Amino acid sequence: MEEAKPESFNDVAQNFLKRHVKKEGQGEPALRSAKEIERQIDVFFRPKWGEFPFADIKRSHIAKVLRDIADERGPVMADRALANLSKLFKLQAEFMDDDWQVPTVGIVRKTKASARTRVLADDEGDGDLRLLWGATGGAGTFGAFVRTLLLTARRRAKVAAMKWVELSEDGTWAIPTEPGEKGNADRLKLPVLALEIIKA
């Protein structure tokens, strides 16, 4: 009698995506991160392990792929890929032989995501700010909100919570501050254009 072919990484990954990520046939919505999880598996892991027997994947194989991801896409992406891969291995563990151990256990990556330093540019021509301003022209309330953010340079939560009683006749916005807040101006003279958008 011919022995059953061992499950490949592709087999397990397909089942993981179907049942636990997309939740097909379960009457539940797919995970919000479903597309990103599937992309990571398709880009980072399938090309390396595809038809390789799932049970034969070792910690050293995983560590090498993660190192490559960190080199090519950055350490934060490697951390995210490890987190999703760990879920896949842990969920499959109950179907494996008793002596099989989850190979992601013991691999620890705790790279702190660095703060984003990109600044919107307003260069002549097609600068970021010009493009964003143009794109929000016909976007209704959301577009007006984004334009008000650009004109006031205040946090989303502050602008979203703005009330008429906070605006004086001369167009000064008295911005409420929460206890413990530091460095936030409590009054802002709004530009004429910002007032026009708000009134509209």
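Values computed for the structure shown
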read-out: Residue count for the stretch 1-46, restricted to those that are open to solvent by 90 Å² or more (accessible area, probe 1.4 Å) and within 15 Å of Ser86 (Cβ to Cβ); value: 0
read-out: Qualifying residue in the stretch 132-150 (condition: in a helix (DSSP H, G or I), charged (D, E, K, R) and either open to solvent by 60 Å² or more (accessible area, probe 1.4 Å) or modelled with pLDDT under 80 (or both)); value: no
read-out: Residue within the stretch 6-28 that is farther than 24 Å from Val105 by Cβ, part of a helix (DSSP H, G or I) and among the aliphatic types (A, V, I, L, M) present; value: no
read-out: Qualifying positions in the stretch 29-54 - part of a helix (DSSP H, G or I), of a type in the set (A, V, I, L, M) and farther than 22 Å from Gln101 by Cβ; value: Ala34, Ile37, Val43
read-out: The stretch 21-43 residues that are within 19 Å of Asn10 (Cβ to Cβ), paired with ones that are among the basic types (Lys, Arg) and open to solvent by less than 70 Å² (accessible area, probe 1.4 Å) (beta carbon under 6 Å, 6 or more apart); value: Ala34/Lys22
read-out: Selection from the stretch 86-107 of residues that are among the β-branched types (Val, Ile, Thr) and open to solvent by less than 60 Å² (accessible area, probe 1.4 Å); value: Val102, Thr104, Ile107
read-out: Filter pass, Ile62 being more than 24 Å from Arg19 (Cβ to Cβ), assigned to a helix (DSSP H, G or I) and touching a residue at least 24 places away in the same chain (Cβ under 8 Å); value: no
read-out: Residues being more than 26 Å from Arg130 (Cβ to Cβ) and either modelled with pLDDT of 85 or more or open to solvent by 80 Å² or more (accessible area, probe 1.4 Å) (or both) - total across the stretch 176-194; value: 6
read-out: Filtered residues of the stretch 47-82 (kept if of a type in the set (A, V, I, L, M, F, W, C), in contact with a Lys or Arg (Cβ under 9 Å, 6 or more places away or on another chain) and open to solvent by 20 Å² or more (accessible area, probe 1.4 Å)); value: Ala70, Val76
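The values are calculated or read from the model by the stated rules, or taken from the named source; none is laboratory data. In this text, all values refer to a predicted model and were calculated from it rather than measured experimentally. Virtual Cβ from ideal backbone geometry, glycine too; neighbours counted across all protein chains shown. Note: areas computed on protein heavy atoms with side chains; ligands, DNA, RNA excluded. Shrake-Rupley method; radii C 1.70, N 1.55, O 1.52, S 1.80 Å.
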